[in-house]
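K.L.:
Please see the structure below; I have some questions.
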């Protein structure tokens, strides 16, 4: 009977520790890279990472209501770009489109981390995690033409704003971040996180490139000279002095939406925790449940 009672007490303690209500509040900051994936990629992965990535920085706040879940609010600013001229494929170099944009991304995420891996008797612990949520992001594609930088969305380079072509695309959109990483606890309050996320967007115009060309002269009449020139830049690559008279509907890009990736290394500082030792009473015996945070740190 005594052993059974002790087993029930230990089981109760483990349940409290594993799913417990200990609460932690932390802040973090990180740097890394943001990478574009869309119509202007060549398909050569390492080349595209090199040519389509820019610097990215982030700030975030996390709240951990239990051992296995963390809620996170994340603000990231980065830069992505794409350029047909850097492709090894002849048809892409002849298409000759390019863009760059600043990304402003705010996301709410849930991080799931069911176990930790202690490496020694100190605070050093590895915690793998997976994460997803919802992001609101803002972009504004631009390109360089004759030495000047131009915003592409206001121009309507694929007929946006003209009768029969729909409205201009919105510069603030939603995306779904999916990813994960590894958290390394290096002291009682400090951690380092290495992570990467793929952001599935619901737009095909981060690069201002949709699926089809609009005829040069139709665009010229509807949206003006600059829109027509920046919609089809093949004449520059081919050394032509006259525009190409492509029929509206000619293939320009793919049919799938654009993605962006964010990879970073961050430092996290735990601001507060109300993890406390718990006392359970069964049959007059006092049994102290261990501190949840120490259980996590020591991997017990």
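The values are calculated or read from the model by the stated rules, or taken from the named source; none is laboratory data. All values reported here derive from a predicted model rather than from experimental measurement. Cβ: placed from backbone, ideal geometry, glycine included. Neighbour counts: every protein chain shown.
K.L.:
Is it the case, given these coordinates, that residue 163 is farther than 15 Å from residue 99 by Cα and surrounded by fewer than 18 Cβ atoms within 10 Å (Cβ to Cβ)?
P.N.:
Judged against the criteria, residue 163 is a match.
K.L.:
From the residues in the range 58-68 that are in contact (Cβ under 8 Å) with a residue 60 or more places away in the chain and part of a strand (DSSP E or B), which one is farthest from residue 196 (Cα to Cα)?
P.N.:
Of the range 58-68, the ones in contact (Cβ under 8 Å) with a residue 60 or more places away in the chain are 58, 60, 62, 67.
Still in the list and also part of a strand (DSSP E or B): 58, 60, 62.
Values: 58: 13, 60: 15, 62: 17 Å.
Selected residue: 62.
K.L.:
Moving on. Within the range 226-245, work out how many residues are within 23 Å of residue 142 (Cβ to Cβ), without any contact (Cβ under 8 Å) to a residue 24 or more places away in the chain and in a loop (DSSP other than H, G, I, E, B).
P.N.:
Going through the range 226-245 one residue at a time, the tally reaches 1.
K.L.:
Please pick out the residue among 141, 118, 65 that is surrounded by 14 or more Cβ atoms within 10 Å (Cβ to Cβ) and either within 27 Å of residue 46 (Cα to Cα) or modelled with pLDDT of 95 or more (or both).
P.N.:
Working: 118 fails: either within 27 Å of residue 46 (Cα to Cα) or modelled with pLDDT of 95 or more (or both); 65 fails: either within 27 Å of residue 46 (Cα to Cα) or modelled with pLDDT of 95 or more (or both).
After applying the criteria, what remains is 141.
K.L.:
Turning to a different aspect of this structure: Quick check: is even one residue across the range 278-288 modelled with pLDDT of 95 or more, part of a loop (DSSP other than H, G, I, E, B) and in contact with a helix residue (DSSP H, G or I) (Cβ under 7 Å, 6 or more places away or on another chain)? So that I can check it myself, show each step before the final result.
P.N.:
So in the range 278-288, the residues modelled with pLDDT of 95 or more come out as none.
No.
K.L.:
When residues of the range 29-47 are filtered for being assigned to a loop (DSSP other than H, G, I, E, B), out of contact with any helix residue (DSSP H, G or I) (no Cβ under 9 Å at 6 or more places or on another chain) and in contact (Cβ under 8 Å) with a residue 60 or more places away in the chain, how many remain?
P.N.:
The number of residues fulfilling the criteria is 2.
K.L.:
Among the residues of the range 252-269, is there at least one that is surrounded by 11 or more Cβ atoms within 10 Å (Cβ to Cβ), at pLDDT below 95, in contact with a helix residue (DSSP H, G or I) (Cβ under 7 Å, 6 or more places away or on another chain) and not in a helix (DSSP H, G or I)?
P.N.:
Among the residues of the range 252-269, not one is surrounded by 11 or more Cβ atoms within 10 Å (Cβ to Cβ), at pLDDT below 95, in contact with a helix residue (DSSP H, G or I) (Cβ under 7 Å, 6 or more places away or on another chain) and not in a helix (DSSP H, G or I), which makes the answer no.
K.L.:
Among the listed residues 102, 93, which satisfies the condition of being touching a residue at least 12 places away in the same chain (Cβ under 8 Å), outside any loop (DSSP other than H, G, I, E, B) and more than 22 Å from the chain's Cα centre (by Cα)? Before you say what the answer is, go through the steps one by one.
P.N.:
On the way: 102 fails: more than 22 Å from the chain's Cα centre (by Cα).
It is 93.
K.L.:
Just to be sure I understand, how many residues within the range 116-140 are in contact with a strand residue (DSSP E or B) (Cβ under 8 Å, 6 or more places away or on another chain), in a loop (DSSP other than H, G, I, E, B) and either within 18 Å of residue 56 (Cα to Cα) or in contact (Cβ under 8 Å) with a residue 60 or more places away in the chain (or both)? Full working, then the answer.
P.N.:
From the range 116-140, those in contact with a strand residue (DSSP E or B) (Cβ under 8 Å, 6 or more places away or on another chain) are 116-119, 123-140; that's our starting set.
With the extra rule that they be in a loop (DSSP other than H, G, I, E, B), the set shrinks to 116, 119, 123-124, 139-140.
Those left that are additionally either within 18 Å of residue 56 (Cα to Cα) or in contact (Cβ under 8 Å) with a residue 60 or more places away in the chain (or both): 116, 123-124, 139-140.
Going through the range 116-140 one residue at a time, the tally reaches 5.
K.L.:
Looking at the range 203-215, is at least one residue over 19 Å from residue 253 (Cα atoms) and either in contact with a strand residue (DSSP E or B) (Cβ under 6 Å, 6 or more places away or on another chain) or loosely packed, with under 15 Cβ neighbours inside 10 Å (or both)?
P.N.:
Keep residues of the range 203-215 that are over 19 Å from residue 253 (Cα atoms), which gives none.
No, the conditions are met nowhere in the range 203-215.
K.L.:
Go through the range 181-192 residue by residue and tally those that are closer than 16 Å to residue 271 by Cβ and either surrounded by fewer than 19 Cβ atoms within 10 Å (Cβ to Cβ) or within 15 Å of the chain's Cα centre (by Cα) (or both).
P.N.:
Result for the range 181-192: 4.
K.L.:
Which ones in the range 31-59 are surrounded by 21 or more Cβ atoms within 10 Å (Cβ to Cβ) and over 13 Å from the mean Cα position of the chain (by Cα)?
P.N.:
Answer for the range 31-59, where residues must be surrounded by 21 or more Cβ atoms within 10 Å (Cβ to Cβ) and over 13 Å from the mean Cα position of the chain (by Cα): 38, 39, 40, 41, 52.
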